[in-house]
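The values are calculated or read from the model by the stated rules, or taken from the named source; none is laboratory data. From a predicted model like this one, the values you see are computed outputs, not experimental measurements. Every residue, glycine among them, receives a Cβ derived from its backbone with ideal geometry; neighbour counts consider all protein chains shown. Each accessible area value is taken on the protein alone, full model and side chains, heavy atoms only, with ligands, DNA and RNA left out. Shrake-Rupley method; radii C 1.70, N 1.55, O 1.52, S 1.80 Å.
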Amino acid sequence: MYQRLLAYFSHNKYRLMMFALLAGATIFSVTIWRVRSDFSGSGRYAFLIWNLFLAWIPFIIAYFTYTMTLNRKWIYVVIPIAAFFWLIFFPNAPYILTDFQHLANRSPELPIWYDVMMLIWFAFTGLLLGMVSLFLMQEIIRREFGRWVGWGFVALVAALSSTGVYMGRFLRWNSWDILSNPTGIALYSFARAQNPSLQSIGFIGIFGAFFLFLYVTLYTFGHLLLERPVNKSG
């Protein structure tokens, strides 16, 4: 029993460490908010906890999808269903970055630096949850359809998620609306696409470019140590 547990932890140490780090960051973020709440007597920023919870959903979907598709008989059953629900909830992960706008309404009971640090913890944790989940989904696509299809998937997700963040922040739609009112969202999105505003074009373009840049940068760092120097003989 002990040997089996040891072998399991040894084989899955990086996945377990990833879970531990993200769970630890989540607990720390909530603790920071709790301290703020107790000190100020205000429940302000409580929405950050809900937003972070929503950011965990695409991560959990991606992780279990990645694990299940290691068994090839499940691939073509699991991927379409999982990808649909993953894509619906994925924008919640980078969405937390837009919560920095709440700093404009300063709270007098605490110094501004505390709220800044608290938002950094929540936003970065949510963003990492999204990045890891996107990496897992990209790996599934790459494994089955090739590297370029995988990167095409990443570019598509960057565009769709930045659109989703815009719809959540400015139009006040959320992931549940896609399930409860898909017709309304489809008609509204089609109407807005025919006559886009300068704000929507600017936000979606800049946010999508930032998200894609950050993901490619982290992906590059993650694969940096895999490169091996070429041995020159003679």
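Here A20 meets each of (1) closer than 29 Å to A209 by Cα; (2) of a type in the set (A, V, I, L, M); (3) modelled with pLDDT of 85 or more with one exception, condition (1). Beta carbons closer than 6 Å, at least 6 apart along the sequence or on distinct chains, pair a first residue in the stretch 152-173 that is surrounded by 14 or more Cβ atoms within 10 Å (Cβ to Cβ) with a second that is among the aliphatic types (A, V, I, L, M) for F153/I141; A158/L212; S162/I204; T163/I204; Y166/I204; W173/M167. Consider T67 carefully, then state whether it is more than 12 Å from the chain's Cα centre (by Cα) and open to solvent by less than 50 Å² (accessible area, probe 1.4 Å). Criteria not met by T67.
Within the stretch 71-97, being polar (S, T, N, Q) and at pLDDT below 70 holds for one residue alone: N71. Considered as a group, the residues in the stretch 107-145 that are surrounded by fewer than 18 Cβ atoms within 10 Å (Cβ to Cβ) and acidic (D, E) include one that is farthest from R36 (Cα to Cα), and that residue is E144. The helices (runs of 4 or more DSSP H) found entirely in the stretch 150-234 that carry 1 or more residues being modelled with pLDDT of 75 or more and small (G, A, S) are 198-224. Restricted to the stretch 18-135, the set of helices (runs of 4 or more DSSP H) holding at least 2 residues that are over 24 Å from V149 (Cβ atoms) comprises 47-68, 92-95. For the stretch 37-50, the condition holds for at least one residue, the condition being that it is charged (D, E, K, R) and under 29 Å from F170 (Cα atoms).
Scanning the stretch 35-60 for residues that are within 30 Å of W86 (Cβ to Cβ) and open to solvent by 70 Å² or more (accessible area, probe 1.4 Å) gives F47, W50, F53, I60.
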